[in-house]
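Worksheet: one structure, shown below.
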Amino acid sequence: MKFIKKLIRWIVVAFFASTILSVVALRFIPVWFTPLMFIRCYQQVKEDRELRMSHHWVSLDRISEHMPVAVIASEDANFLSHHGFDFKAIESAAKRNMQHPEKQKLGASTISQQTAKNVFLWPGRSWLRKGLEVYFTALIELLWSKERIMEVYLNSIETGEGIYGIEAVANENWGLRAGQLSESQCALIAVTLPNPRKFSSKHPSAYMQKRQQRILREMKFVRKSMKHANRLKY
């Protein structure tokens, strides 16, 4: 019994030490690969499809200034003010899902939560994965700046079939660098993020174009809040 208790204690210590060190290291080191990238490669091989993975890390200052504004407008309006979790959005989504169970469920994951999931975890809805997401979200909010969270997010998000990050999607879809993207292109990329393998920023549907215009309007309000908060320089 003593051996088991000691083993459990060492497992717990090793878990916290390794995860904290990983988060500290990735505050400075580019994230070249994520679990999702390897999962998608495995799925491609399993389904006998062409193996494809396009990903190019770039620093935040080499990404169009419109891109952080677009993803905040689309994915997480309170990114600059919350500490990892938007409890008002969670409450609103929960009420809507209960009132309309027949409709597609709304999520309330913040950019911080999505970054934690993309970099450290795997896709899924189990309680274990959700618990780990909460843990890693708290860690990156504590140990990273908002700028670093945004930088890692924009470099790790899935932006198309086998495409990851803003630099890769800019190059694949328009032959551009991430810093050359226009405001409209950034808004269009933001439209695809809920389902980047279904929605293509290269061939937008009428629905996507309508959603793009809405994001462009919302970006004006985001810029005002950014100036007021004096964050992310945009």
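The values are calculated or read from the model by the stated rules, or taken from the named source; none is laboratory data. Quantities reported herein were computed from a predicted structural model and do not represent experimental measurements. Every residue, glycine among them, receives a Cβ derived from its backbone with ideal geometry; neighbour counts consider all protein chains shown. Note: areas computed on protein heavy atoms with side chains; ligands, DNA, RNA excluded. Shrake-Rupley method; radii C 1.70, N 1.55, O 1.52, S 1.80 Å.
With 0.36 nm allotted per residue and the present C-alpha distance subtracted, the residue 135-residue 227 stretch has 30.1 nm of extension available. Positive-end ranking of 219, 195, 79 along the dipole of the chain, with charges on Cβ about the Cα centre, is headed by 79. Estimated from helical segments only, the mean residue ellipticity of the chain at 222 nm is -19500 deg cm²/dmol, where each DSSP H run of four or more residues counts as -39500 (n - 2.57). Among 220, 46, 198, the largest mean-square fluctuation in a Gaussian network model of the chain (Cα springs under 10 Å) belongs to 46. Overall shape: oblate for the stretch 117-234, with the ratio a/c of the largest to smallest alpha carbon gyration tensor axis at 1.5 or above and b/c at least equal to a/b.
Residue ranges 24-31, 146-153, 37-44 sort as 146-153, 37-44, 24-31 when ordered by packing (mean number of other C-beta atoms within 10 Å per residue, highest first). Accessible surface for residue 7 stands near 90 Å², nearest 10, in the context of the full protein assembly shown (1.4 Å probe). For the chain, a Gaussian network of Cα nodes joined below 10 Å ranks 158, 65, 172 by mean-square fluctuation, and the top entry is 172.
In the assembled protein chains, residue 13 presents an accessible area of approximately 80 Å² (probe radius 1.4 Å). Residue 139 sits among other residues whose Cβ lies under 14 Å from its own Cβ, and their net charge, with Lys and Arg +1 and Asp and Glu -1, is +1. Within the shell of other residues whose beta carbon sits under 14 angstrom from the beta carbon of residue 218, the net charge comes to +4, with Lys and Arg scored +1 and Asp and Glu -1. If a/c stays under 1.5 just call it rounded; otherwise compare a/b with b/c (prolate if a/b is bigger, oblate if not). Do that for the stretch 1-71, with a ≥ b ≥ c from the square roots of the Cα gyration tensor eigenvalues. Oblate.
In the set [x] 13.2; [y] 17.6; [z] 15.5, which value of mean projected area of the Cα convex hull in nm² was calculated from the structure you see? Matching entry in [x] 13.2; [y] 17.6; [z] 15.5: [z].
For the stretch 111-161, rounded, prolate or oblate, judged on the Cα gyration tensor with a ≥ b ≥ c (square roots of eigenvalues), a/c < 1.5 rounded, else prolate if a/b > b/c? Note, shape of the stretch 111-161 comes out oblate.
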